[in-house]
Amino acid sequence: MRARLEPLLDGLDVHWCAEDDEERFAALLPAADVLWHVLRPITADDLGRAPGLKLIQKLGSGVNTIDLDAARARGVTVANMVGANAPAVAEAALTLMLAALRRVVPLDAATRAGHGWPLDTALSDRVGEIGGRVVGLVGHGAIARRLEAPLTALGATVLWHSPSGTPDDPSWRPLDELLAASDIVSLHLPLTPATERLIDAGRLAAMKPGAILVNTSRGGVVDEPALVEALRTGRLGAAGLDVFASEPVDPANPLLALDNVVVQPHVAWLTGETLERCIAIAAANARRLASGETLENVVQGAEP
């Protein structure tokens, strides 16, 4: 992958650091002008060790893992890149929907264990198709909009909700109405104080019996204990999760013990194509910073 990215870095002095290599990260911070950030939380302590830092560039859209108050206090600009990962995350969300509908995980495990034959005729009651189902998208940014075409092509009816939506669009629904109408609910919204645990016990109970919940946004948007209960009792049919309230996810998290849950380690965004798009955007912003030009995709400007 490095070889694919190298041509995008002409003129920049880039030092790579693994997310879990704290020793190297600490060594690089004092001389850093720009920090390209993926998932490791960026704290006030980190910023205190980077006196020359001018820009935190998120390789993605969500900035909830960056201490924005500390960045503002130190005069560090924060930028992101909305839409760069949209193709990958949209495809991952569709994959999780299909895997949950077709019970890919338990069927894979059964096949590897030598089970599955003779055919369990009751299986047809537990698997299904997207065609003919209602898929509700909570959030309607680049990722959700990217999902609409393949879902429609597969025969689904697509509804969506966002606070900025308008009743003039026949596919828009108030959130609770969307939850009640959807066979599959897919979450595509940032984690903010307003969205934390937005999908709580009450809203899970309002969903269709046997519905599927897919989350490729942020784990904190869902009340995890309530989700576990809904899945254990059969109130929900399945879930497809790329994100968790606490990451890395604890191996003891009860969600991991449920065979009606498909999980990934927050990698919905991760493809070679996404990385190329992200690095190209990040490199362009770093060059703008060096030449004194206006930065793009600024989430929070420097306010020393």
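The values are calculated or read from the model by the stated rules, or taken from the named source; none is laboratory data. What you see is a predicted model, and the numbers here were worked out from it, not measured in a lab. Cβ sites come from the backbone with ideal geometry, for glycine too, and all protein chains shown count toward neighbours. For accessibility, only protein heavy atoms count, side chains too; no ligands or nucleic acids. Shrake-Rupley method; radii C 1.70, N 1.55, O 1.52, S 1.80 Å.
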Counting only protein heavy atoms and rolling a 1.4 Å probe, one gets per residue an accessible area for the range 221-260 in Å² of 45
For the chain, averaging the sequence separation of alpha carbon pairs under 8 Å that lie six or more residues apart and dividing by its residue count, the contact order in percent is 21
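Grab the Cα-Cα distance for residue 4 and residue 276, subtract it from 0.36 nm times how many residues apart they are, and report the gain in nm with one decimal.
Stretched out fully, the residue 4 to residue 276 stretch lengthens by 97.2 nm.
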Answer in debye to the nearest 20: the dipole magnitude of the range 179-304 about its Cα centre, from +1 Lys/Arg and -1 Asp/Glu charges placed on Cβ, is 200
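Antiparallel versus total DSSP beta bridges in the chain: what percent is that, nearest 5?
So the antiparallel bridges amount to about 5 percent of the total.
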Checking the range 219-304 for GluC sites (Glu not before Pro) in a loop per DSSP with at most 15 other beta-carbon atoms within 10 Å yields 293, 296
Computed Rg/Rh for the chain (Cα atoms; Rh = Kirkwood radius) stands at 1.01
For the range 118-240, the Cα-Cα pair-distance distribution in 10 Å bins from 0, as whole percents, is 13, 45, 32, 8, 1, 0
So, with points 7 Å from each Cα along the Cβ direction, the residue 22-residue 168 label distance in nm works out to 5.3
Note to self, the chain gives a 222 nm [θ] from helices alone (DSSP H runs n ≥ 4, -39500 (n - 2.57) apiece, / all residues, nearest 500) of -9500 deg cm²/dmol
Counting only protein heavy atoms and leaving out ligands, DNA and RNA, the solvent-accessible surface of residue 36 at a 1.4 Å probe, in Å² to the nearest 10, equals 50
Counting only protein heavy atoms and leaving out ligands, DNA and RNA, the solvent-accessible surface of residue 269 at a 1.4 Å probe, in Å² to the nearest 10, equals 40
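Between residue 290 and residue 257, what's the calculated FRET efficiency when r is the beta-carbon distance and R0 is 35 Å? Round to 0.05.
Calculated value: 0.10.
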Expressed in µm² per second, the diffusion coefficient of the range 48-200 from the Stokes-Einstein equation, with Rh the Kirkwood radius over alpha carbon pairs, at 20 °C and 1.002 mPa s, is 117
A 1.4 Å probe over the protein heavy atoms gives the range 33-143 a carbon and sulfur accessible-area percentage of 56
One finds the C-alpha centres of the range 1-67 and the range 173-225 to be spaced, in Å, by 32
